[in-house]
1. May I ask for the angle, rounded to the nearest 10°, between helix 153-163 and the longest principal axis of the chain, with both axes built from Cα atoms and the value confined to 0 to 90°?
2. Return a whole-number percent for the relative contact order of the chain, with Cα pairs under 8 Å and 6 or more residues apart as the contact set.
3. Quick one: 87, 176, 8, fewest Cβ neighbours within 10 Å first, how do they rank?
4. If you project the alpha carbons of region 1-110 onto their three principal axes, what span does each projection cover, largest first, in Å?
5. Which value, to two decimals, describes the C-alpha radius of gyration of region 45-100 once divided by 2.2 N^0.38 Å?
6. Can you give the direction-averaged projected area of the convex hull of the alpha-carbon atoms in region 90-167, in nm²?
7. Summing -39500 (n - 2.57) over the DSSP H runs of n ≥ 4 in the chain and dividing by its residue number, what mean residue ellipticity at 222 nm do you reach, to the nearest 500 deg cm²/dmol?
8. Report, to the nearest 10°, how far helix 73-105 tilts away from the longest principal axis of the Cα atoms in the chain, using its own Cα long axis and a range of 0 to 90°.
């Protein structure tokens with residue numbers, strides 16, 4: 001039974017992780033699309049563009065896994081090219097939002113800096129993953145999935161807060177620990193980019209939440 005479960009998890013690992021990211025995004029930003037749609041950010045172009053492109057990227061990651069499982073390779077390749085344009089727009093919109101914050105307040109807050117650095121790491125990983133799509137399919141899938149994992153900080157912050165605002169750290173750390181451990185379990189080792197992300201995450205966890 002254990003071996004069967006492990007086989008199922010390994011066989012469907014990337015799809016399951018993509019679904020986890022998608023759910024975290026939808027739950028984390030549920031106020032924007034479900035129960036507080038009248039908030040100001042829903043009417044500001046830069047936030048709208050970022051929301052649409054982020055939703056597009058996380059949704060396409062799920063669809064790409066389904067397409068490849070169904071062996072729709074040509075559709076997967078075509079959608080993959082579109083996804084990279086969407087990803088570029090998402091990162092540019094993030095950069096613009098951070099720039100606007102700096103222009104308004106004269107500084108970049110800790111959380112925005114954290115998100116920005118993780119986005120840079122994600123872009124490097126996803127870029128390598130995209131370039132390796134014809135050389136090493138398994139590495140391509142893993143890099144695209146882990147790269148997207150590096151982008152979930154905003155969704156994680158909000159989701160953990162919705163689960164428990166008083167005990168925020170418990171769901172926040174628990175979900176991150178489960179997801180990161182799953183990557184290590186699947187890969188059976190720590191890669192350089194996994195270590196790079198972990199060091200950045202630990203630094204900002206201390207810098208934002210523990211240092212005073």
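Each reported figure results from applying straightforward, stated rules to the coordinates on display, with no laboratory input. The shown structure was predicted, so the numbers you read here are calculated from the model rather than taken from an experiment. Neighbour counts are summed over all protein chains in view; Cβ atoms, including those assigned to glycine, are modelled from backbone coordinates with ideal geometry.
1. Computed tilt is about 80 degrees.
2. 24
3. The order, fewest Cβ neighbours first, is 8, 176, 87.
4. Principal axes ranked by extent give 55, 32, 27 Å for the Cα atoms.
5. Rounded to two decimals, the normalised Rg is 1.28.
6. Approximately 6.5 nm², given one-decimal rounding.
7. -26000 deg cm²/dmol
8. That works out to roughly 20 degrees.
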